[in-house]
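Here's the structure we're looking at; comments come further down.
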Amino acid sequence: MARPLIQMALDSLDFDQTVALADQVAPYVDIFEIGTPCIKYNGVNLVKELRNRYPDKLLLVDLKTMDAGEYEAGAFYAAGADICTVLGVSGLATIGGVIKAAKKHAAEVQVDLINVPNKAECARESAKLGAQIMGVHTGLDAQAAGQTPFTDLNEVASLGLNVRVSVAGGIKPATIEQTVNAGANIIVVGAAIYGAPSPAEAAREIRELVDAAAA
Ligand SMILES: O=C(CO)[C@H](O)[C@H](O)COP(=O)(O)O
């Protein structure tokens, strides 16, 4: 089984704390995600800072774009993003705009399926349009209401689309094996790392669990 990538969700609002957390977990993760509240607060300067600091890491900017896809995402690709997210509920015109912006920078697009009623249809149409990653995502508010992403992950991963499948939503050490076995190509972890007494140690443990499950 191909080794899934680990994406660290940097969800603090504080610029310096975000950079410090990235420094701590860098040896164990493949993708830095600048989370939605963080990018809204800090903007393109944080993208530039992480790009300069980590030229070899993938950088995902979790814009969750809802409109003006090409215009909004273009600035973040220009600042160094490898991947920007666009909401599946935004519709194909907006998704297509982000894909257009990504192409100009030889970058990629992740469609976030959060709150999309028909995830299979959205994933199929977005893949046809050229999106490379489908994000199965139970957001923080839905997590607080007791939801998890696993049923949706099984559905989207079994569609057999020529895309990578990312999963986010409260993933923790106890659920890593399940996510790998379900076919996730990108495993997003936020609170289970940044909320741990030692984020570096937590990230190292996640790395070991992912690699063991994929072996
Ligand atoms: O995109 C997000 C919220 O919308 C989070 O970054 C994502 O859910 C990962 O964080 P956690 O592991 O804490 O759920």
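The values are calculated or read from the model by the stated rules, or taken from the named source; none is laboratory data. The model shown is predicted, which means the values in this text are computed figures rather than measured ones. Neighbour counts run over all protein chains shown; Cβ positions are idealised from the backbone, glycine included. Side chains are part of the model used for accessible areas, which takes the heavy atoms of the whole protein and leaves out ligands, DNA and RNA. Shrake-Rupley method; radii C 1.70, N 1.55, O 1.52, S 1.80 Å.
When each of SER158, SER198, SER166, SER126 is tested for being within 14 Å of the ligand (Cβ to nearest atom) and of a type in the set (Ser, Thr, Tyr), the lone residue that passes is SER166. Only one entry in GLN17, GLN110, GLN24 is open to solvent by 60 Å² or more (accessible area, probe 1.4 Å), among the polar types (S, T, N, Q) and closer than 25 Å to ASN185 by Cα, namely GLN24. Restricting the range 50-91 to residues that are in contact with an Asp or Glu (Cβ under 6 Å, 6 or more places away or on another chain) and over 10 Å from GLN110 (Cα atoms) leaves a set whose member that is surrounded by the most Cβ atoms within 10 Å (Cβ to Cβ) is THR65. Would you please name the residue that is farthest from the chain's Cα centre (by Cα), looking only at residues in the range 177-195 that are surrounded by fewer than 17 Cβ atoms within 10 Å (Cβ to Cβ) and within 11 Å of the ligand (Cβ to nearest atom)? Here the residue is GLY195. Within the range 155-201, the residues that satisfy the criterion of being out of contact with any strand residue (DSSP E or B) (no Cβ under 9 Å at 6 or more places or on another chain) and polar (S, T, N, Q) are SER158, ASN162, THR175, GLN178, ASN181, SER198. Take ASP16 and tell me if it is more than 29 Å from VAL180 (Cα to Cα) and part of a loop (DSSP other than H, G, I, E, B). The answer is no for ASP16. Scanning the range 151-167 for residues that are open to solvent by less than 30 Å² (accessible area, probe 1.4 Å) and more than 12 Å from the chain's Cα centre (by Cα) turns up LEU153, VAL156, VAL163. Would you confirm whether any residue within the range 80-91 is within 13 Å of the ligand (Cβ to nearest atom), at pLDDT 95 or above, within 14 Å of the chain's Cα centre (by Cα) and among the charged types (D, E, K, R)? Within the range 80-91, none of the residues are within 13 Å of the ligand (Cβ to nearest atom), at pLDDT 95 or above, within 14 Å of the chain's Cα centre (by Cα) and among the charged types (D, E, K, R).
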